[in-house]
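See structure below.
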Amino acid sequence: MSNIKHLPEPFRIRVVEPIVLKTLEERQAAIKASGMNPFSLRSEDVFIDLLTDSGTGAITNTMLSAGMLGDESYAGSKSYYKLADAVTDIFGYKYTMPTHQGRGAEQLIIPTLIEKRKREKGMTAPISISNWHFDTTQGHTQLNGAEAANVVIDECMDTNVFHPFKGNFDIAKLEAVIEEHGPENVYTIISTITNNSAGGQPVSMANLKAVYEVAQRFDIPVLMDSARFCENAYFIQQREEGFQDWTIGAIIKEMYKYSDMLAMSAKKDALVRIGGLLCVKDDTYLDEFTECRSRCVPMEGFPTYGGLSGQAIEELARGLYDGQDQDYLAYRISQIAYLANELEKAGVPCQTAGGHAVFVDAGRLLPHIPGEQFPAHALACKLYELGGIRAVEIGSLLLGRDRDGVQIKAPMELLRLTVPRMTITKSHCDYIVDAFKDVLDNVHTVKGLRLTYEPTVLRHFTARLEEV
Ligand code: F0G
């Protein structure tokens, strides 16, 4: 038996960026000036920034060196063809378009799918169904006059319950929503891997396959929302019967059989600082790809660069491979699990540890603050004040209001501690746990919040609040 209990970073850190912990008084002044909204803090006032894992990670030396080969030609650059070859090799998809990031792919594909289905199937009330739409995906759905339905399994909504694939679709619910709205109105099914909003929770291979079978039966295209495709593959390898001996690459290839197209924010598992992808498997949806290509020109850029420099495309072509490294993924997922376990031990209730973040259940931690006073956001402000740590609310503040202006009831009030890739170490994690212990010692001083300024869409980014 070895004494080694902890998997250390499987890399050397040879470029560093200093971070500074401001004083308690400075942090108190900063959070007040921000209108009690960590999004409005200056990053230099933040010690450990856990706002997102998007474009915030370290990049590899192989990506950095690949970037030097960037072909900056406006059209038909060598770098583009390298990227397209990587996509075919990794996902088995024939058609590739780079975009500036994930939402760039969404703004091309969502209206395209809607218009096509209106023309061909007489769709009148468009709806997309997902295990869980990410905010921007839902935003594009609504901007195009469509509805968005989430049909995740019930186990996902209880942070006390363990399920190996909490990100899974509830297949019965999926079928019921299709029947209820009429298959002609369902212009796409979006498989989000991992399920970000539910806690970075993976979707099993069996579930992806079952979703695809339902979609084929009703002739509905499946779009894989692919931001965390490597983390999802790793969970399948570790947790799903029959995949233990598969490589990450083989699992990825298999996952993408159960989709027709992919939209990707490459700023997560593909490790780049900026970039996205829109790819189509084969000629079945070639018309859609062709239409997206013409939309791409005015919105993202010529379809062989899609808003990216040749350098960024080279880094992406390399990052798609580097993000699949078995040792890196084992370390990455163990880091998240370590942070979640240590927080739980300290008395902080968390969602089952997932891929990219620890989701603290603020509803359970702060039962004295009702949902309409944004307990997870109040917790974010306190955590910043006491520890200089910036985290992000995934709860009532993010959800916003329905069409009648009534606050939507969030299924969970979560605070996401999003871990940038290969950027913070175990001692940062221990510091985060200690800061939470300080929050627990002061839990009675955490007050609910009310809005003093509220924009109509995506309000959480720029809202201002005050203590009740
Ligand atoms: N889909 C998922 C599942 C995402 O998590 C994101 C972004 C997007 C699409 C949009 O991609 O940002 O490149 O335009 N998520 C980030 C986050 C912002 O913090 O979770 P994007």
Being among the aliphatic types (A, V, I, L, M) and out of contact with any helix residue (DSSP H, G or I) (no Cβ under 8 Å at 6 or more places or on another chain) is the filter; apply it to segment 74-85 and report the residue that is surrounded by the fewest Cβ atoms within 10 Å (Cβ to Cβ). 75
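Could you please find all residues in segment 249-266 being of a type in the set (Ser, Thr, Tyr) and open to solvent by less than 20 Å² (accessible area, probe 1.4 Å)?
Hits for segment 249-266 are 256, 259, 265.
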Take segment 1-59 and flag every residue that is in contact with a strand residue (DSSP E or B) (Cβ under 6 Å, 6 or more places away or on another chain) and among the charged types (D, E, K, R). 49, 53
Filtered residue count, segment 196-207, keeping only those that are farther than 10 Å from residue 131 by Cβ and either away from the ligand (no atom under 16 Å from the Cβ) or among the hydrophobic types (A, V, I, L, M, F, W, C) (or both): 3
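This table checks each residue for (1) touching a Ser or Thr at 6+ places or on another chain (Cβ under 7 Å); (2) under 19 Å from residue 222 (Cα atoms); (3) within 16 Å of the ligand (Cβ to nearest atom).
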| residue | (1), (2), (3) |
| --- | --- |
| 87 | yes, yes, no |
| 104 | no, yes, yes |
| 112 | no, yes, no |
| 117 | no, yes, no |
| 128 | yes, yes, yes |
| 136 | no, yes, yes |
| 140 | no, yes, yes |
| 149 | no, yes, no |
Residues satisfying the stated conditions in segment 94-134, i.e. outside any strand (DSSP E or B), polar (S, T, N, Q) and over 18 Å from the mean Cα position of the chain (by Cα): 112, 124
Within segment 401-413, which residues are open to solvent by 20 Å² or more (accessible area, probe 1.4 Å) and either among the small types (Gly, Ala, Ser) or within 16 Å of the ligand (Cβ to nearest atom) (or both)? 405
Over segment 238-248, the set of residues more than 16 Å from residue 168 (Cα to Cα) and open to solvent by less than 30 Å² (accessible area, probe 1.4 Å) is 243, 248
Working carefully through the options 159, 112, 141, 88, find the one that is open to solvent by 50 Å² or more (accessible area, probe 1.4 Å) and hydroxyl-bearing (Ser, Thr, Tyr). 88
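Quick test for you: out of 386, 398, 365, pick the one residue that is touching a residue at least 40 places away in the same chain (Cβ under 8 Å), touching a His at 6+ places or on another chain (Cβ under 7 Å) and either open to solvent by 10 Å² or more (accessible area, probe 1.4 Å) or polar (S, T, N, Q) (or both).
On inspection, the qualifying residue turns out to be 398.
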Every residue from segment 225-237 that is open to solvent by 10 Å² or more (accessible area, probe 1.4 Å) and either more than 16 Å from the ligand (Cβ to nearest atom) or without any contact (Cβ under 8 Å) to a residue 40 or more places away in the chain (or both): 234, 237
Considering only residues that are surrounded by 14 or more Cβ atoms within 10 Å (Cβ to Cβ), more than 16 Å from the ligand (Cβ to nearest atom) and not polar (S, T, N, Q), which ones fall in segment 30-40? 30, 31, 35, 36
Of everything in segment 41-55 that's within 16 Å of residue 379 (Cα to Cα) and outside any loop (DSSP other than H, G, I, E, B), which residue is nearest to the ligand (Cβ to nearest atom)? 49
Please indicate, with yes or no, whether at least one residue in segment 65-79 is under 20 Å from residue 461 (Cα atoms) and in a loop (DSSP other than H, G, I, E, B). no
Tell me which residues, restricted to segment 303-346, are under 30 Å from residue 293 (Cβ atoms), hydrophobic (A, V, I, L, M, F, W, C) and out of contact with any Lys or Arg (no Cβ under 9 Å at 6 or more places or on another chain). 308, 316, 320
Verdict on residue 279 being more than 16 Å from the chain's Cα centre (by Cα), within 15 Å of the ligand (Cβ to nearest atom) and either buried (at least 17 other Cβ atoms within 10 Å of the Cβ) or not in a strand (DSSP E or B) (or both): yes
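The values are calculated or read from the model by the stated rules, or taken from the named source; none is laboratory data. Predicted, not measured: the structure shown is a model, and the values here were computed from it. Backbone-built Cβ (ideal geometry, glycine too); neighbour counts: all protein chains shown. Accessible surface areas use protein heavy atoms only, side chains included; no ligands, DNA or RNA. Shrake-Rupley method; radii C 1.70, N 1.55, O 1.52, S 1.80 Å.
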